[in-house]
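Derivation of every value follows stated rules applied to the coordinates shown; laboratory data play no part. Everything numeric in this text was worked out from a predicted model, so none of it was measured. Cβ atoms come from the backbone with ideal geometry, glycine included; neighbour counts cover every protein chain shown.
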Amino acid sequence: MGYYRIALVFAVVAVLGLLLGVFVFLHPASTIEIQRKFYLKINWKIEPVSMPKEIRNTKVMGLLLILVSFSLLVYLLL
């Protein structure tokens, strides 16, 4: 029974990772703004040097998150 609970937790994490990855990929500017607002709350101010590069890198991170999450789901289903 313990294995199935752990597998369920990993499956939930993988699905949440997929959803987050899709959001980050489709809305990179919103993702950057959410990060900036978070850092302002903890008394840090961050500004990208180049917004086009930051958007490109954010999209790449979203794709990587999708890939890792999808790989985890495939591993769990095999």
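Table for the structure above
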item: Residue exposure sequence - 51, 61 - by fewest surrounding Cβ within 10 Å; result: 51, 61
item: Alpha-carbon radius of gyration plus Dmax, which is the widest Cα pair, for the chain in Å; result: 15.7, 51
item: Candidate lysines - alpha carbon under 23 Å from residue 53, same-chain residues fewer than 8 apart omitted; result: 37, 45
